[in-house]
Amino acid sequence: MKLNRERVISNLNEMDEAAGQLMKIKDIPKEDFISSMEYRYIAYAGFIILTEAIIDICYHISAKRLRKVPSAYAECFELLKENGILDPLVADKLGDMVGFRNLLIHRYKKIDFSKVYDYISEDMWVVDKFKERVGTIIEAE
């Protein structure tokens, strides 16, 4: 089945907006980030918006291409990895990010914002790889 191109592009645009906000934080010293409620809220919301868009794309590809609906978010990336749709390293890292997103949503008062900063400063490359792969899939249709 074909992907809903408009849906995927809308999610890619949301990813770009959220990643743009997160990248502003990347240049801020870690100590300044951790001590600033404003930066923490930007990171919190941006990370959730970013991962929600990634999850939606993953589920959409899984449903349309594999005709499977994963029972858990991280399982979605495993399915795409097992079926050669995503690079194993990218799939594993996205699964980790989604697990961290779950922690953000359910345990806000206990969040280690140094880990949020680390994701932003060290792991955003995986978002670019995911977007590249999704772009390739869309163009192939």
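The values are calculated or read from the model by the stated rules, or taken from the named source; none is laboratory data. Note that the coordinates shown come from a computational prediction; the quantities given were computed from them, not determined experimentally. We place every Cβ from the backbone using ideal geometry, glycine too, and count neighbours over all the protein chains shown.
Structure values in brief
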item: Selection count, segment 109-141, where residues are farther than 18 Å from D87 by Cβ and not in a helix (DSSP H, G or I); result: 3
item: Unique match (being more than 14 Å from the chain's Cα centre (by Cα), more than 30 Å from E141 (Cβ to Cβ) and modelled with pLDDT of 95 or more) among P88, P29; result: P29
item: Qualifying positions in segment 51-71 - in a helix (DSSP H, G or I), among the small types (G, A, S) and surrounded by fewer than 20 Cβ atoms within 10 Å (Cβ to Cβ); result: A63
item: Tally of residues being part of a helix (DSSP H, G or I), small (G, A, S) and either surrounded by 15 or more Cβ atoms within 10 Å (Cβ to Cβ) or in contact with a helix residue (DSSP H, G or I) (Cβ under 6 Å, 6 or more places away or on another chain) (or both) across segment 1-50; result: 4
item: Subset of segment 86-111 [surrounded by 12 or more Cβ atoms within 10 Å (Cβ to Cβ) and either in contact with a Cys (Cβ under 6 Å, 6 or more places away or on another chain) or not hydrophobic (A, V, I, L, M, F, W, C) (or both)]; result: D87, P88, D92, K93, G95, D96, G99, R101, N102
item: Pick from segment 43-71, criterion of a type in the set (D, E, K, R) and under 12 Å from the mean Cα position of the chain (by Cα), ranking: farthest from D32 (Cα to Cα); result: D56
item: Selection status of A74, farther than 26 Å from D27 by Cβ and either under 15 Å from the mean Cα position of the chain (by Cα) or part of a helix (DSSP H, G or I) (or both); result: yes
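Residue by residue, here is whether (1) in contact with a His (Cβ under 9 Å, 6 or more places away or on another chain); (2) touching a residue at least 12 places away in the same chain (Cβ under 8 Å); (3) over 18 Å from Y119 (Cα atoms); (4) of a type in the set (F, W, Y) holds:
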residue	(1), (2), (3), (4)
M1	no, yes, yes, no
I9	no, yes, yes, no
L12	no, yes, yes, no
A19	no, yes, no, no
K26	no, yes, no, no
F47	no, yes, no, yes
C58	no, yes, yes, no
D87	no, yes, yes, no
